[in-house]
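The values are calculated or read from the model by the stated rules, or taken from the named source; none is laboratory data. Please read all numbers here as calculations on a predicted model, not as lab measurements. Counting neighbours? That spans all protein chains shown, and the Cβs are built from the backbone with ideal geometry, glycine included. With ligands, DNA and RNA removed, areas are computed over all heavy atoms of the protein, side chains included. Shrake-Rupley method; radii C 1.70, N 1.55, O 1.52, S 1.80 Å.
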Amino acid sequence: MPTQINLEASWLSSLQEEFSKSYMQSLKSFLLQEKETNHQILPKASLWFNALNSTPLEKVKVVILGQDPYPTVGHAHGLCFSVLPNVKPLPKSLLNINKELYTDLGIDNSHSGYLQPWAKQGVILLNAVLTVEAGKSNSHQNRGWEVFTDKIIEIINQKCQNVVFILWGSYAQKKGVSIDSRKHLIIKSPHPSPLSAYRGFFGSRPFSRTNQYLESVGKVAINWKLK
């Protein structure tokens, strides 16, 4: 845990109590131990809360749930599925997201995997686990991050209205089981990974469905096009 928690004001107000709870103290101890034993933690500490810092609570329109950060050095920057600019080749799940976006809305983002512009428009790209050891997928699972991100989902569910929750794959769908479908739109499909994309992710049209819903409730649609 960074010594100084730099968290956007609306999120800090809603989450402040979490940082003193025992699970978070345990997580902090684990991360400090990882650092002291020279294990490289990804992304860098200043980007652990990038998903929240990019999208204040009152501006949340869409939530996309991921699992944990990319373990490849130079890829992760605190937004699920997103990679830093100039990363090539793109991760395979991200390639499939771009393919579906092109099929769905005719938008070609094959040149980029940097999804920060989506976050600035109200799309929370939230991993269930916010850190990982370089080179080791899922290495920080069950250390406490899942409890913290469950709380984030609970806050959005309770405090926001008419949010689109995009749940790709069984992991995200289990994590989103408590979302109130009476006040939010839940879009479910298989995961965009090469293992499951052809089982129903392709053709699911999450981007157009999201925008149709947002416009139907008087919100501005997301511009999914990346520069």
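Have a look at 193, 170, 189 and point out the one that is crowded, with 20+ Cβ neighbours inside 10 Å, of a type in the set (S, T, N, Q) and within 17 Å of the chain's Cα centre (by Cα). Spell out the reasoning first.
Values: 193 fails: crowded, with 20+ Cβ neighbours inside 10 Å; 170 fails: crowded, with 20+ Cβ neighbours inside 10 Å.
Exactly one residue qualifies, and that residue is 189.
So if I check each of 177, 164, 129, 87, which one is surrounded by 15 or more Cβ atoms within 10 Å (Cβ to Cβ), without any contact (Cβ under 8 Å) to a residue 60 or more places away in the chain and either farther than 18 Å from residue 201 by Cα or of a type in the set (A, V, I, L, M) (or both)?
On the way: 177 fails: surrounded by 15 or more Cβ atoms within 10 Å (Cβ to Cβ); 164 fails: without any contact (Cβ under 8 Å) to a residue 60 or more places away in the chain; 129 fails: without any contact (Cβ under 8 Å) to a residue 60 or more places away in the chain.
Selected residue: 87, the only one of 177, 164, 129, 87 that is surrounded by 15 or more Cβ atoms within 10 Å (Cβ to Cβ), without any contact (Cβ under 8 Å) to a residue 60 or more places away in the chain and either farther than 18 Å from residue 201 by Cα or of a type in the set (A, V, I, L, M) (or both).
Please pick out the residue among 153, 124 that is of a type in the set (Val, Ile, Thr), under 22 Å from residue 44 (Cβ atoms) and crowded, with 19+ Cβ neighbours inside 10 Å.
On the way: 153 fails: under 22 Å from residue 44 (Cβ atoms).
Of 153, 124, the one residue that is of a type in the set (Val, Ile, Thr), under 22 Å from residue 44 (Cβ atoms) and crowded, with 19+ Cβ neighbours inside 10 Å is 124.
Considering only residues that are at negative phi and open to solvent by 20 Å² or more (accessible area, probe 1.4 Å), which ones fall in segment 96-111?
Just the residues of segment 96-111 that are at negative phi, to begin with: 96-105, 107-111.
99, 102, 103, 105, 107, 108, 110, 111 - these are the residues of segment 96-111 that are at negative phi and open to solvent by 20 Å² or more (accessible area, probe 1.4 Å).
When you go through 44, 99, 88 one by one, which is the residue that is of a type in the set (Lys, Arg) and closer than 23 Å to residue 222 by Cβ? Working first, answer last.
Values: 44 fails: closer than 23 Å to residue 222 by Cβ; 88 fails: closer than 23 Å to residue 222 by Cβ.
Matching residue, one of 44, 99, 88: 99.
How many of the residues making up segment 196-224 are exposed (fewer than 13 other Cβ atoms within 10 Å of the Cβ) and among the small types (Gly, Ala, Ser)?
Looking only at that region, the number is 4.
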